[in-house]
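J.: Sharing a structure below in structure tokens format, with a few things to ask.
The values are calculated or read from the model by the stated rules, or taken from the named source; none is laboratory data. Just so you know, these numbers come straight off a predicted model, no measurement behind them. Cβ coordinates were reconstructed from backbone atoms using ideal geometry, including for glycine residues, and neighbour counts include every protein chain displayed.
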Number of protein chains: 2
Amino acid sequence: MSVIVRVNMTDKKISTFENQDYRMLGGRALSAKILLDEVTPNCEPLGPKNKLVIAPGLLSGTPITSGSRTSCGAKSPMTNGIKEANCGGNIGLYLGRFGVKAVVIEGQPADGNLYVLKIGKDGASLVTIEDLKLLGTYETDRRLRAKFGQDIGVLCIGPAGENGMKMASIASSDPNGELKFAARGGLGAVMGSKGIKAVVVDRTLQQPLYHNKEQYMDMVRNIHTEFRKDPKIKNVNQKTGTASIVKAVNAMGALPTRNFRQGAIAGVDGLSGETMYATITNRGGDGKTGVSCMDGCLIKCSNIYPDASGKKICSTLQYENIALLGSNLGFTNLDPVAKLNHECNDIGLDTIEAGAVLGVAIDMGMAQWGDLDGCVALLQEIRNNTLVGRILGHGVQVAGSVLGSKRIPAAKGQSFAGYDPRALKGNGVTYAMSPMGADHTAGNCFGSRGEVNPLGVDKQGDLSKSLQYKMCALDSLGFCIFARPPLFKDPSKMTTLVNALLGTDLSVDQLWQVLGVDAVRTEREFNIRSGLSPANDKLPEYLYVEPLPPTNEVFNLPEEEMLRAIV
Amino acid sequence: MSVIVRVNMTDKKISTFENQDYRMLGGRALSAKILLDEVTPNCEPLGPKNKLVIAPGLLSGTPITSGSRTSCGAKSPMTNGIKEANCGGNIGLYLGRFGVKAVVIEGQPADGNLYVLKIGKDGASLVTIEDLKLLGTYETDRRLRAKFGQDIGVLCIGPAGENGMKMASIASSDPNGELKFAARGGLGAVMGSKGIKAVVVDRTLQQPLYHNKEQYMDMVRNIHTEFRKDPKIKNVNQKTGTASIVKAVNAMGALPTRNFRQGAIAGVDGLSGETMYATITNRGGDGKTGVSCMDGCLIKCSNIYPDASGKKICSTLQYENIALLGSNLGFTNLDPVAKLNHECNDIGLDTIEAGAVLGVAIDMGMAQWGDLDGCVALLQEIRNNTLVGRILGHGVQVAGSVLGSKRIPAAKGQSFAGYDPRALKGNGVTYAMSPMGADHTAGNCFGSRGEVNPLGVDKQGDLSKSLQYKMCALDSLGFCIFARPPLFKDPSKMTTLVNALLGTDLSVDQLWQVLGVDAVRTEREFNIRSGLSPANDKLPEYLYVEPLPPTNEVFNLPEEEMLRAIV
């Protein structure tokens, strides 16, 4: 049976335990359950009572494509409720192979040292590596690889996490030496508050224990065959990745533009996935598309975006960052977006929150629209932990209140993602009602725009609800959102995998229930006990009165419709 | 019957209404009921849906001593829950005489103008007086008196309120041309958000309608006779005022010292009430003690504190400010305290919150202990609405989080008053459990130190609970805390007054119930609906682990004891 590793940072004791109740849980669902079981919900997020849970998805470590994502979970300093953010990279794969179901980091060191948690075939240990202090994520990752081996899995934080910034992310190393991010909710600050700069997991070829390996591998082959045949993966995902939707969201009028004052931007072509692909291809050099963020992934939606000379600016340029760091800041060219994106990555910042906070900062006169130098200068304030940086680094809710903004694009203290709720109302429901706060991965209604009118009132609550728990199930299995179409079309594929791995007899309904509905309800219960009561399930008032060009829509869903989205 | 004046700042319409349900309510109880009846509890505190209620106490306008205080109430930008803060001055007296039970200011002007609400015998009207913009409270008050008459009652805000600072207070003019403050919870920012710089009420000799005036006046004479005979009023209240307790709190080890790191300060004599009285008396000039803050008050606890040349520095120097702006900032001399106090008054800041925020700022390296120039400079940042000022001006919870402090002395987002909960545990209970957040007027256990051991565990919950609702009744009647002893000794004095005024048949039990228990429960209900659920009834974690010298106590009350304090 898989074990849970407990790392107590107060006394530096490391132990392991098993819990039969957690058997069918993984990733987000497991993280939620451990947090509800072990953490005082109304504790201080950056204090010793909070815990950071690192939980690979239930299928992590197996060869199923796009299925070894890693959930990070804790009480969030950003929302004050529960938070889960998951990322690619190889660490989930290795943890799964080692039979580690989760790592629970608790307590707080009194010594002020910065630790690296090292996990390998000989177990787990804490190492102090002093010269990592305040290093950016890329240099941290580079040094850890140099010390422990190029093929390790790494989770690490940048200066933002060490400095307790509420918008600090956790970076995860991928097989190309690039980084992916468990970005949202300030989990990097929680990691920093534990005195942990990085978690390093050795590469291993060890395999998880299968109840019925043959049956499992049959289904893996079945799914992989389907993926290989899917023209969308080759023609869209591997070329434009998530950025394929830029023009579509702009056409809907839901693209965050100039601090959510508009839903479309003139010159959107300069930001499109098509332009991104052409630019990467034309510039060559370091530039690449079709890159996988974990071993064995067939989707390969990552990329490396180079400058005109072919030198890498950023990896990976993707939709949310193009929206929040691009149109939302008045840019219509991908180069500045890539520069800001890389800077956020290196500081260890949630790019979505960073884009939202820069949008408000520009609106309040701290820089100009489309002003790369101004934006870079503000990010440097965050990196350098100055007073200005400390205002901005805590995210858009804190910064907006401090600056006196009346237009703060946030729900439950966390910034909107790349969809204005006025022109994609279902996402407004998810932002308000999900236990995760405003989060595009918690139930994104964009993909359902053909079924439910994005501007209509009807069915938004039901749509959000169903996506909320289904996405949670996907997060709990360790699957990427891009793996969704074939799995949601025939969910028995997922139950076959789980049953073959664990020897269970899970039905599709039970799968949605246990890894979806129950998990979201666990999160909601945590929130209620943490003080984030249902009265916090709301959107900012300006959305209800300020029409959003070009649709000139306001957010107008009645409360009954919102309440239908409670899972 | 008395009327409620409704002032809609969106369309500038003023109307009046009566409500039989509000007949027995006044001050804090009335404010709470109107807010629960009319305000969406989870609205944005500085948005158009919040309302500011100005409600004189139930007995206001009558000649009873110390009984015409005015409650200001709203959803608080500081706590995000309901808030009431009351003040002396003559405005409650005049409103009561005019038969105005409350003024409800709602909506928000789109024009960006700054208004004065003028109330007199010809009714209420809105006047624009542009040159008041960003003026300090003293100059604002001076200009309004020059324009409308020296004997008017004024409520006004300073630059902090106009700038939406969460620690903005509301100033109230007293008969001596000095100001009193409805200080806590950021109600000045709510007033500013309504575009109201001041409320001016003409002096009137009109009398309220008495059901039985003779009976009322008999009881007034009875109480006044008792007050005139009370040696404590003459020998303590009129000399040292609230500052009489400085040495006693220091001796208990509960005096906030250097950002709540100690509970006593060497050199406390320099801050004592006795030193204050001697200094005022010796320096002469503008200096005065035994000053009343409203016509007809027999207690006269106010003072004017002069500098060595006899020129006024500040009015009124009192205990909470001496604690928070004095020992908490490392001062052992009253002159710098008086200077900081006056500066806060003029900017329109809650002095308690300002002292707490300066304490954290000093702790985080922004000034030195006992550093008058450094503290004045930080207050100027608030006055000038700079970025630093905007961090500090939102109070200790926001400033402490932004600055990264791990020791934020606040409950429900509001700073502790002048009693460290570790050495006066009953006040810790009140800070945590009262709907008002950390507030010394919501149930201060200091006066009961002879009955309940301040360092003990037992009876703290019950003590806090009983004081919470009894103080609420006092606030609702319009009485000053200093009037408490004779009234609490024989509460039938209060019911006799209410019954003679209104023609009711209220028993003592009903008085406590209606104006005390029910009112606090109304506030709690508002908080729960606002999102400030019971999970927010808590104290910061550092109090449970950091011993407070010299008693070396931590806060150690079990949850059961805290829960007993729920009214």
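J.: Please find, within the range A:267-324, the residue that is surrounded by the fewest Cβ atoms within 10 Å (Cβ to Cβ) out of those that are over 16 Å from A:Ala243 (Cα atoms) and of a type in the set (S, T, N, Q).
T.: Checking each candidate, the answer is A:Ser309.
J.: Only one of these is outside any loop (DSSP other than H, G, I, E, B), at positive phi and under 21 Å from the mean Cα position of the chain (by Cα): A:Gly290, A:Gly296. Name it.
T.: The conditions single out A:Gly290.
J.: Do the conditions hold for A:Gly96, that is, is it out of contact with any Phe, Trp or Tyr (no Cβ under 8 Å at 6 or more places or on another chain), over 24 Å from A:Pro435 (Cβ atoms), assigned to a loop (DSSP other than H, G, I, E, B) and at pLDDT 95 or above?
T.: no
J.: In the set B:Ala417, B:Ala432, B:Ala377, which member is surrounded by 24 or more Cβ atoms within 10 Å (Cβ to Cβ) and either away from every other protein chain (no Cβ under 14 Å) or not in a loop (DSSP other than H, G, I, E, B) (or both)? Before the answer, list the steps.
T.: Working: B:Ala432 fails: surrounded by 24 or more Cβ atoms within 10 Å (Cβ to Cβ); B:Ala377 fails: surrounded by 24 or more Cβ atoms within 10 Å (Cβ to Cβ).
Going through B:Ala417, B:Ala432, B:Ala377 in turn, just one is surrounded by 24 or more Cβ atoms within 10 Å (Cβ to Cβ) and either away from every other protein chain (no Cβ under 14 Å) or not in a loop (DSSP other than H, G, I, E, B) (or both): B:Ala417.
J.: Return the total of residues in the range B:142-172 being among the polar types (S, T, N, Q) and surrounded by fewer than 24 Cβ atoms within 10 Å (Cβ to Cβ).
T.: To start, the set of residues in the range B:142-172 that are among the polar types (S, T, N, Q) comprises B:150, B:163, B:169, B:172.
Pick out the ones that are also surrounded by fewer than 24 Cβ atoms within 10 Å (Cβ to Cβ) and you get B:150, B:163.
Selection size over the range B:142-172: 2.
J.: Quickly run through the range B:126-172 and pick out the residues that are within 14 Å of chain A (Cβ to nearest Cβ) and either more than 22 Å from A:Ser405 (Cα to Cα) or not hydrophobic (A, V, I, L, M, F, W, C) (or both).
T.: B:Pro159, B:Gly161, B:Glu162, B:Asn163, B:Gly164, B:Lys166
J.: Using the structure shown, decide if B:Ser434 is out of contact with any strand residue (DSSP E or B) (no Cβ under 9 Å at 6 or more places or on another chain) and at pLDDT 95 or above.
T.: So B:Ser434 does not fit the description; no.
J.: Moving to a separate point now. So for the range A:538-545 (the condition being away from every other protein chain (no Cβ under 11 Å), in a helix (DSSP H, G or I) and either of a type outside the set (A, V, I, L, M, F, W, C) or under 24 Å from the mean Cα position of the chain (by Cα) (or both)), does at least one residue qualify?
T.: For the range A:538-545, residues away from every other protein chain (no Cβ under 11 Å), in a helix (DSSP H, G or I) and either of a type outside the set (A, V, I, L, M, F, W, C) or under 24 Å from the mean Cα position of the chain (by Cα) (or both): absent.
J.: Further, regarding this structure: Inspect all residues belonging to the range A:110-124 and state whether any of them is among the hydroxyl-bearing types (Ser, Thr, Tyr), closer than 20 Å to A:Ile4 by Cα and out of contact with any Leu (no Cβ under 6 Å at 6 or more places or on another chain).
T.: No: the range A:110-124 contains no residue that is among the hydroxyl-bearing types (Ser, Thr, Tyr), closer than 20 Å to A:Ile4 by Cα and out of contact with any Leu (no Cβ under 6 Å at 6 or more places or on another chain).
J.: Another question, if that's okay. Take the conditions modelled with pLDDT under 95 and farther than 15 Å from B:Leu379 by Cβ and apply them to B:Gly296. Does it pass? Talk me through it step by step, then tell me what you get.
T.: Details: modelled with pLDDT under 95: yes; farther than 15 Å from B:Leu379 by Cβ: yes.
It is true that B:Gly296 is modelled with pLDDT under 95 and farther than 15 Å from B:Leu379 by Cβ.
J.: Sticking with this one: Quick one: in the range B:459-483, of everything that is free of Cβ contacts under 8 Å to residues at least 24 places away in the same chain and not polar (S, T, N, Q), which residue is farthest from B:Val429 (Cα to Cα)?
T.: Ranking the candidates gives B:Leu474 first.
J.: Restricting attention to the range A:524-537, report how many residues are touching a strand residue (DSSP E or B) at 6+ places or on another chain (Cβ under 7 Å) and closer than 23 Å to B:Lys49 by Cβ.
T.: 0
J.: Return the only residue of B:Leu501, B:Leu539 being surrounded by 20 or more Cβ atoms within 10 Å (Cβ to Cβ), more than 19 Å from B:Ile223 (Cα to Cα) and in the same structural domain as B:Asp439 (by TED's automatic domain parsing). Explain how you work it out, then say what you get.
T.: Details: B:Leu501 fails: more than 19 Å from B:Ile223 (Cα to Cα).
That would be B:Leu539, the only listed residue that is surrounded by 20 or more Cβ atoms within 10 Å (Cβ to Cβ), more than 19 Å from B:Ile223 (Cα to Cα) and in the same structural domain as B:Asp439 (by TED's automatic domain parsing).
J.: May I pose another question? Taking the conditions exactly as written (in contact with a strand residue (DSSP E or B) (Cβ under 7 Å, 6 or more places away or on another chain), within 30 Å of A:Asp131 (Cα to Cα) and in contact (Cβ under 8 Å) with a residue 40 or more places away in the chain), does A:Gly241 satisfy them or not?
T.: No: the conditions fail for A:Gly241.
J.: Residues that are in the same structural domain as B:Gly263 (by TED's automatic domain parsing), surrounded by fewer than 24 Cβ atoms within 10 Å (Cβ to Cβ) and more than 23 Å from the chain's Cα centre (by Cα): does the range B:339-352 have at least one?
T.: No, that holds for no residue.
J.: Restricting attention to the range B:192-200, does a residue exist that is out of contact with any strand residue (DSSP E or B) (no Cβ under 6 Å at 6 or more places or on another chain), of a type outside the set (Lys, Arg) and buried (at least 16 other Cβ atoms within 10 Å of the Cβ)?
T.: Yes - at least one qualifying residue is present in the range B:192-200.
J.: Starting from residues that are among the β-branched types (Val, Ile, Thr) and without any contact (Cβ under 8 Å) to a residue 60 or more places away in the chain, keep the ones in the range B:506-527 and report whichever is nearest to the other protein chains (Cβ to nearest Cβ). Before you say what the answer is, go through the steps one by one.
T.: We begin by selecting, within the range B:506-527, every residue among the β-branched types (Val, Ile, Thr); these are B:508, B:514, B:517, B:520, B:522.
Those left that are additionally without any contact (Cβ under 8 Å) to a residue 60 or more places away in the chain: B:508, B:517.
On the way: B:Val508: 36, B:Val517: 23 Å.
It comes out as B:Val517.
J.: Step by step: first the residues of the range B:380-408, then only those that are among the β-branched types (Val, Ile, Thr) and more than 23 Å from the chain's Cα centre (by Cα), then the one that is farthest from the other protein chains (Cβ to nearest Cβ). Which residue is that?
T.: B:Thr386
J.: Of the residues A:Gly395, A:Gly437, which is more than 18 Å from A:Ala264 (Cβ to Cβ), in contact with a helix residue (DSSP H, G or I) (Cβ under 6 Å, 6 or more places away or on another chain) and not charged (D, E, K, R)?
T.: A:Gly395
J.: Can we say B:Ala438 is closer than 15 Å to B:Leu467 by Cβ and either within 11 Å of another protein chain (Cβ to nearest Cβ) or without any contact (Cβ under 8 Å) to a residue 40 or more places away in the chain (or both)?
T.: Yes.
J.: Taking the range B:46-95 only, how many residues are without any contact (Cβ under 8 Å) to a residue 60 or more places away in the chain and either within 22 Å of B:Pro534 (Cα to Cα) or within 14 Å of the chain's Cα centre (by Cα) (or both)?
T.: Within the range B:46-95, residues that are without any contact (Cβ under 8 Å) to a residue 60 or more places away in the chain and either within 22 Å of B:Pro534 (Cα to Cα) or within 14 Å of the chain's Cα centre (by Cα) (or both) number 1.
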